[in-house]
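Notes to accompany the following structure.
The values are calculated or read from the model by the stated rules, or taken from the named source; none is laboratory data. As the structure is a prediction and not an experimental result, all values here were calculated from the model. Cβ atoms come from the backbone with ideal geometry, glycine included; neighbour counts cover every protein chain shown. For accessibility, only protein heavy atoms count, side chains too; no ligands or nucleic acids. Shrake-Rupley method; radii C 1.70, N 1.55, O 1.52, S 1.80 Å.
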Amino acid sequence: MHRFKPCLRFAKSTAYRYFSSNRSFSPHKLETAGPIASKLDSRSVVRFRGPDTVKFLQGLLTNDVRKFSEPMGEDERTSTLATPNSPTVSAPPMYAALLTPQGKFLYDLFLYKPPMPDAKLDKSGSGPGPGSDPDHSFELFADVDATVLDELLVTFKKYRVRSKVEIENVAKDFSCWQRYGGNLPEKSSSTEEPEAASVGWGAGVDCSGEFASRGNNLGWQWFDDPRLDSLGFRGIFPSDIIPPLIEADKETDEQNYLLWRLQKGVAEGSAEIPKGEAMPLEYNLAGLNAISFDKGCYMGQELVARTHHRGVIRKRLLPLRFLNDSGEEVEQKVAPGSAVIDTASHKKAGTVRTALGCRGLGLLRLEEAFKGSGALTIQGQENVKVEAVRPDWWPAEWFQEYQQHSAVA
């Protein structure tokens, strides 16, 4: 199967993400193709381990990492069915970002807390699993952008100073996966998704839990994507196995996951969210559960908090459709980095950040984005119309902010 080959060096933020649509579903077929799954070769895995892990990350990241060290409430328990060598209770993953001191985006991370040995069951299902160690060191795994892996490691180690935390590249040992598609329930439950909602490998897949107990003792599992339920399930798994719930004909190219995200209006990684330039709130990170506004200080927090409390975001990342004069979708006509022009004022309304076939993501001024059909075109390609789509997951107040700002203007 064709897979993306991640670039080992990060091109500066002037680079945009663009993929050919070969071997991809069409946007319409993708809505009925699920559930499907993709191995995310564009992502890598880093491990933070040591007694100062939470304190170290808490001072750097946009989200409240202390939740990983606190007891979970009943509503936070993601596991409902215990299988051998898997946790009886699992901490949900967290989406977060590292910013510059000036509050600009650097890297995004999906944080996972593996279960402690004493939280897992042995084969009898009645006691701690094999390898239980009272001195087991606290650790978190992070799903990160593979194209900036080396510099991300350097950056975190630079801020470590005397903190007791090890930062390791474990990309050879673990892989990142996404399970998604139009037929996947937006809310997992034991009735709608009994297998994905269960612990570890799921009773419907591996009744004895034997698979989870062979080769590793961590009991890896799928989780609801911490950004949006409609994105499906996400997880990290040992690299030498195929995760559970993936049928032989349902593993598909990562391009299809990209297309799924484009339709939802969700950017990912430092190519789509330009490193050192992007304002986190313009790229909707608050709506994607990446930012805590009551956690206290972290690097870059001042600008983010000031912008949030001021309440005016004039530009946002939006899903785009590329159309011809007849309103039909056009394939492979638009390159990332293209300027989007307001046909009425002939001024630049924004920039295409990512493109795949007839879909894309663009950072646009809201005042121009929703003017109506035919109001936006691509600079130098006036025959290509741009339709900005308001995602259905947007909080109502975002659109109200735009309407109020437009009325004042």
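Whether any residue in the range 179-192 is among the polar types (S, T, N, Q), more than 22 Å from the chain's Cα centre (by Cα), crowded, with 23+ Cβ neighbours inside 10 Å and at pLDDT below 95 is what I want to check. Even if it seems obvious, please write down each step before you answer.
Taking the range 179-192 as the starting set, the residues that turn out to be among the polar types (S, T, N, Q) are 183, 188-191.
Filter once more, keeping what is more than 22 Å from the chain's Cα centre (by Cα): 190-191.
Pick out the ones that are also crowded, with 23+ Cβ neighbours inside 10 Å and you get none.
No, there is no match, as no residue in the range 179-192 is among the polar types (S, T, N, Q), more than 22 Å from the chain's Cα centre (by Cα), crowded, with 23+ Cβ neighbours inside 10 Å and at pLDDT below 95.
Conditions tested, residue by residue: (1) assigned to a loop (DSSP other than H, G, I, E, B); (2) under 12 Å from the mean Cα position of the chain (by Cα).
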position: P226; (1), (2): yes, yes
position: G235; (1), (2): no, yes
position: D240; (1), (2): yes, no
position: P243; (1), (2): yes, no
position: E247; (1), (2): yes, no
position: Y257; (1), (2): no, yes
position: R261; (1), (2): no, yes
position: K275; (1), (2): yes, no
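If G327 meets every condition in (1) under 19 Å from F399 (Cβ atoms); (2) more than 16 Å from the chain's Cα centre (by Cα) apart from one, which number is that one?
(1)
Which of the following residues is open to solvent by less than 20 Å² (accessible area, probe 1.4 Å), under 20 Å from R179 (Cβ atoms) and at pLDDT 95 or above: L61, L99, L57, L40? Reasoning before the result, please.
Numbers: L61 fails: under 20 Å from R179 (Cβ atoms); L99 fails: under 20 Å from R179 (Cβ atoms); L57 fails: under 20 Å from R179 (Cβ atoms).
Result: L40 is the single residue among L61, L99, L57, L40 that is open to solvent by less than 20 Å² (accessible area, probe 1.4 Å), under 20 Å from R179 (Cβ atoms) and at pLDDT 95 or above.
Being buried (at least 16 other Cβ atoms within 10 Å of the Cβ), of a type in the set (S, T, N, Q) and at pLDDT below 95: is that true of T307 here?
Working: buried (at least 16 other Cβ atoms within 10 Å of the Cβ): yes; of a type in the set (S, T, N, Q): yes; at pLDDT below 95: yes.
Taking the combined requirement at face value, the residue satisfies it.
Could you list, in sequence order, the residues of the range 390-409 that are at pLDDT 85 or above and open to solvent by less than 50 Å² (accessible area, probe 1.4 Å)? Break it down into steps so the answer makes sense when it comes.
Initial filter on the range 390-409 (at pLDDT 85 or above): 390-396.
Of everything in the range 390-409, those that are at pLDDT 85 or above and open to solvent by less than 50 Å² (accessible area, probe 1.4 Å) turn out to be P391, W393, W394, P395.
Is there any pair with a first residue in the range 281-302 that is among the charged types (D, E, K, R) and a second that is open to solvent by 40 Å² or more (accessible area, probe 1.4 Å) whose Cβ atoms are under 7 Å apart and which are 6 or more apart or on different chains, and what are they?
E282/K315
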